[in-house]
Amino acid sequence: MNSKIITIDGPSGVGKGTLAKNLSDELDWIVLDSGSLYRMVGYLSLKNDTKDFSEIRKIINKEEISFKFLSKNSNISLFLGEDDLSEFIRNEEVAKLASEFAVIPEVREYLFKIQRAFLDKGKGLIADGRDMGTILFPEAKYKFFITASAEERARRRENQLKESGLSVNMRNLQERIEERDKKDSSREISPLVPAEDAVVIDSSNIGIYELKDKVLNLIRS
Ligand code: DC
């Protein structure tokens, strides 16, 4: 068992990203935001008008992938080489494409290697995703699976989008979230399910700092 890995799995909008950042601030471990990598594939598909993954892979291979927190309160940013992709990957169009590419074995195998390489990049790793505790880092000592109601998640996503100056239809948002969840949970390859040894936490009614404290207490005990 590796005591230098924390895995945080669960669907979008449950607070995984904020939890990962808060834990990273506390522990000074690096964060791997695996959803961003699938979103990057979706974004590059859109930008280059291709669904051919071998084309997309060529573009990714030319550059180094890194994650940064640009300021104390900012969300995690994904860099491909010098380019900050963050503002291009956080929209529903790219999310839908990400979900489509995520069912392709070749894509998952390619991203598997990229993600495993993050183990050597910091003194500890906080891995945020869908299959971190099951497929990517089964040896992790600390595994968490975060859930929240679809309604609460749509509300959080709505706030995030509003903060970025985008307007949204709450009903549509909730429907799309539920649709994407269904697809992610029922797919054959790496479905979204908790690892057998994961602690499942419902974050619907707890604040972000309370969630972090809960997780830290569990780790320390
Ligand atoms: O967490 P997110 O919304 O940024 O993830 C975007 C998409 O990527 C999501 O629909 C499922 C997919 N994904 C995945 O299949 N496996 C992961 N480890 C992370 C994300």
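The values are calculated or read from the model by the stated rules, or taken from the named source; none is laboratory data. What you are looking at is a predicted structure, and each value in this text was computed from that prediction instead of being measured. Note that each Cβ is placed from the backbone with ideal geometry, even for glycine, and that neighbours are counted across all protein chains shown.
Quick one: in segment 158-177, which of the residues that are free of Cβ contacts under 8 Å to residues at least 12 places away in the same chain and of a type in the set (G, A, S) is farthest from K96 (Cα to Cα)? Result: G165.
Across segment 12-59, the qualifying residues are those that are within 25 Å of E178 (Cα to Cα) and outside any helix (DSSP H, G or I), and the one among them that is farthest from the ligand (Cβ to nearest atom) is K51. Scoring I8 on the criteria (1) away from the ligand (no atom under 13 Å from the Cβ); (2) of a type in the set (A, V, I, L, M, F, W, C); (3) assigned to a strand (DSSP E or B); (4) buried (at least 22 other Cβ atoms within 10 Å of the Cβ) leaves a single failure, condition (1).
Residue-by-condition table, conditions (1) closer than 18 Å to N22 by Cβ; (2) of a type in the set (K, R):
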site: R187; (1), (2): no, yes
site: A195; (1), (2): no, no
site: I206; (1), (2): yes, no
site: L211; (1), (2): yes, no
site: V215; (1), (2): yes, no
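Considering only residues of segment 184-200 that are surrounded by fewer than 16 Cβ atoms within 10 Å (Cβ to Cβ) and within 13 Å of the ligand (Cβ to nearest atom), which is modelled with the highest pLDDT? Ranking the qualifying residues of segment 184-200, first place goes to V193.
Contact annotation: residue pairs with Cβ atoms under 8 Å, 6 or more positions apart or on different chains, pairing a residue in segment 94-123 that is free of Cβ contacts under 8 Å to residues at least 40 places away in the same chain with a partner that is surrounded by fewer than 20 Cβ atoms within 10 Å (Cβ to Cβ), are F112/I135.
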